[in-house]
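Accompanying notes for the structure given below.
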Amino acid sequence: MTQSRSSSSQRQAQLADMIARLRQAELDWDAEKIADWLWLAQYVDGSSVQPEPAEPKVDPPVPSVETAPREATLPPVASAPRPSLTVPESRPAQEAQAETNSRGGIPFQTPVPPALRQTLALGRSLRPLMRKVDSHRRTVLDEAATAERTAEQQFCMPVERPAKERWLELALVVEVSGTNVVWEDTIRDFKQVLERQGAFRTITIWYLQSVGGELKLFAKSPRQALRQQARSPKELLDAAQRRLVLVVSDCISDTWRGEALHRDYLALWAKHGPMALVQLLPGHLWQRTALQNGLEAKFGSWQPGAVNEKLFFQEIPLEIAGGLALEQTLEAGLKLPVITMEPEALETWAKMLGGGGHSAAPGIWFDPEWRTFLTVPQVTRPAQAEGNVTEEELAKLLVERFDDSASDLAWALAQLMAVVPVSLPIIYLIQKTMLPESQPLHLAEVFMSGLVKRLAAKPEVKKSAGRPVSCPVYEFVSGVRTELLDSADAPKVEAVLAKVSAYIGQRIGRSIYSFTALLQLEHELGDAAGEEVVKFAEVTREVLRSLGGD
């Protein structure tokens with residue numbers, strides 16, 4: 001019995017030593033991988049491993065790996081030299097590591113989870129638009145009609161019929177504004193959903209931007225091509241009225257203040273084809289955008305793909321009044337269906353566009369004179385000029401206002417965002433792991449609430465078309481992070497810290513099993529730590545101080 005206990009104790013010590021060597025080699029193996037390794041070791045013949053040649057070769061030698069004997073025992077630790085567990089790097093990896101060391105930092109990559117989830121449900125919501133119609137350009141041979149006519153005429157008479165093709169083309173018009181960086185990933189994912197669904201014959205992307213006070217339409221993103229010729233909005237018109245125009249915007253920029261957008265673009269497209277607005281903000285925030293200048297309504301359609309002028313009101317807004325007759329007023333105004341990037345809203349609008357009058361889509365009706373477009377409410381934080389309000393009082397006021405108006409998921413997301421630096425890729429990671437039911441609309445609530453401010457842009461983060469592109473940096477308003485952390489649950493805060501710390505360790509090739517290990521790593525690396533690691537460590541310290549205790 002004593003000998004059995006001694007053997008078991010010796011094996012435990014050997015196993016612990018082996019796990020320690022794995023961690024030293026930065027191999028973060030779990031129990032299942034270690035068990036598989038030990039099981040495989042008993043079937044590997046040690047004699048089959050050839051010794052390294054005595055004379056060196058031109059190519060770098062690959063280090064040999066010692067194998068365990070056939071017996072199901074751990075390899076001896078004291079008598080044999082410890083095998084090297086480091087993995088040889090390829091030449092590109094070595095060059096990249098040398099370049100990184102020359103910059104004085106450690107490699108770090110931020111996660112890029114999808115900004116738009118429920119992509120499968122979004123794609124399914126577009127099924128009412130997946131129909132085939134007769135083409136106006138292409139024809140195919142009608143074999144049955146050709147055979148019948150040939151038999152009647154006694155000589156070959158080919159008969160052609162219109163080829164079947166997808167019903168609609170799509171022109172996606174993206175407004176370029178100061179808040180575009182918040183929606184960049186969301187719009188990219190939405191575009192991918194539209195492309196992969198296959199509901200549209202062609203998809204083209206256009207960009208609407210105010211340049212020098214003048215609204216212009218471009219065929220390429222201004223970030224990709226600085227010098228490009230402005231295009232006419234009439235290029236989006238289709239004589240067959242089979243081109244759908246979707247305008248993507250949050251409706252809070254200065255573009256919505258003047259009449260140029262509505263007279264030269266929206267009204268023009270609405271007269272010559274179906275058009276809708278893809279609103280990036282949730283419905284309860286529309287009253288803080290340019291949409292508050294119109295009247296909420298529900299629109300229906302008797303025919304598929306009807307132009308906006310031919311949409312009918314399911315319910316006529318009671319507020320409609322004026323000098324014109326009611327029918328003339330309704331006919332002259334702009335009927336603008338408004339949809340969000342949610343499966344339910346997208347499906348309701350798609351059914352309405354499919355015609356039949358059975359479905360009604362929400363939207364906004366605007367006055368024909370555009371009188372109310374002269375002012376657009378700005379999404380700003382409360383005025384600090386009301387008395388001498390301190391930063392702490394202002395932060396408390398902002399958080400209280402957000403708590404009263406925000407949805408439950410937006411409030412929960414803001415609390416989790418307070419645990420980490422305000423970085424969009426990290427926020428997407430939190431949404432995916434901690435709040436899978438949250439949507440981009442909930443993130444929009446946080447960014448549009450005044451809790452977050454924009455700092456100076458980084459000089460260079462990524463490149464577009466070979467040119468460096470500056471990336472805006474965001475941070476909570478002073479004192480807001482502390483207010484949010486005070487109302488957050490400690491277990492959720494620790495869970496976020498653990499997940500993000502483990503991810504950082506995975507990216508930089510270090511084993512970080514807890515958020516306290518992140519602080520130790522930052523202390524060990526010193527000046528060699530990357531900027532992202534330092535930022536995470538600073539926020540982690542603030543979070544730990546708010547939690548209290550040792």
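Over the residues of the range 233-319, compute the C-alpha Rg and express it relative to 2.2 N^0.38 Å.
On the way: Rg = 13.7 Å, N = 87, 2.2 N^0.38 = 12.0 Å.
Its radius of gyration relative to the 2.2 N^0.38 Å reference: 1.14.
Let me check something: with ligands and nucleic acids excluded, how do W256, W206, W411, W37 order by accessible area (1.4 Å probe), largest to smallest?
On the way: W256 5, W206 25, W411 50, W37 90 Å².
These residues rank, largest area first, as W37, W411, W206, W256.
Just read off the accessible area of K310 with the full protein assembly in place, 1.4 Å probe, to the nearest 10 Å².
Roll a 1.4 Å probe over it and K310 shows about 120 Å².
Probe radius 1.4 Å, ligands and nucleic acids left out: which of H262, H442 has the largest accessible area, and how do the rest follow? Mind dumping the intermediate values first?
Details: H262 0, H442 30 Å².
Largest to smallest exposure gives the sequence H442, H262.
How much accessible surface area, in Å² rounded to 10, belongs to the heavy atoms of C156 with a 1.4 Å probe?
That residue has around 90 Å² of solvent-accessible surface.
Extension gain I203-E143, at 0.36 nm per residue separation less the Cα-Cα distance, in nm?
Stretched out fully, the I203 to E143 stretch lengthens by 18.4 nm.
List the pairs from K164/K271; K164/K216; K453/K499 whose alpha-carbon separation is above 29 Å, in the order I gave them.
Values: K164/K271 26 Å; K164/K216 36 Å; K453/K499 25 Å.
Result: K164/K216 exceed 29 Å.
How much area per residue is accessible in the range 203-262 when the probe is 1.4 Å and only protein heavy atoms are counted (Å²)? Each step should come with its number before you reach the end.
Details: 2990 Å² over 60 residues.
About 50 Å² of surface per residue is accessible.
Under the rule a/c < 1.5 gives rounded, and otherwise a/b versus b/c splits prolate from oblate, where does the range 231-278 land using the Cα gyration tensor?
Because a/c hits 1.5 or more and a/b exceeds b/c, the range 231-278 counts as prolate.
Going by Cα centres, the range 240-259 and the range 116-149 are how many Å apart?
28
Count charges around M157 for me, please; just the other residues with Cβ under 13 Å from its Cβ, Lys/Arg as +1, Asp/Glu as -1. Don't jump to the answer; show the numbers that get you there.
Working: positive: R149; negative: D142, E143, E148, E152, E160.
After counting each charged neighbour, the total is -4.
How much solvent-accessible surface does R11 expose, in Å² to the nearest 10, with a 1.4 Å probe and all protein chains in place?
Rounded to the nearest 10, the figure is 120 Å².
Hey, can you grab everything whose amide H is under 5 Å from the amide H of S359? Only 5+ residues off in sequence or another chain; H modelled, so Pro and N-termini drop out.
Result for S359 returns S301.
Using only the heavy atoms of the protein chains and a 1.4 Å probe, how would D134, D408, D238, D254 rank by accessible area, largest first? Walk me through the numbers before you get to the answer.
On the way: D134 75, D408 135, D238 30, D254 105 Å².
Largest accessible area first, the list is D408, D254, D134, D238.
The values are calculated or read from the model by the stated rules, or taken from the named source; none is laboratory data. These figures come from a predicted structure and were not determined experimentally. Note that each Cβ is placed from the backbone with ideal geometry, even for glycine, and that neighbours are counted across all protein chains shown. Ligands, DNA and RNA are excluded from the accessible area calculation, which covers all protein heavy atoms including side chains. Shrake-Rupley method; radii C 1.70, N 1.55, O 1.52, S 1.80 Å.
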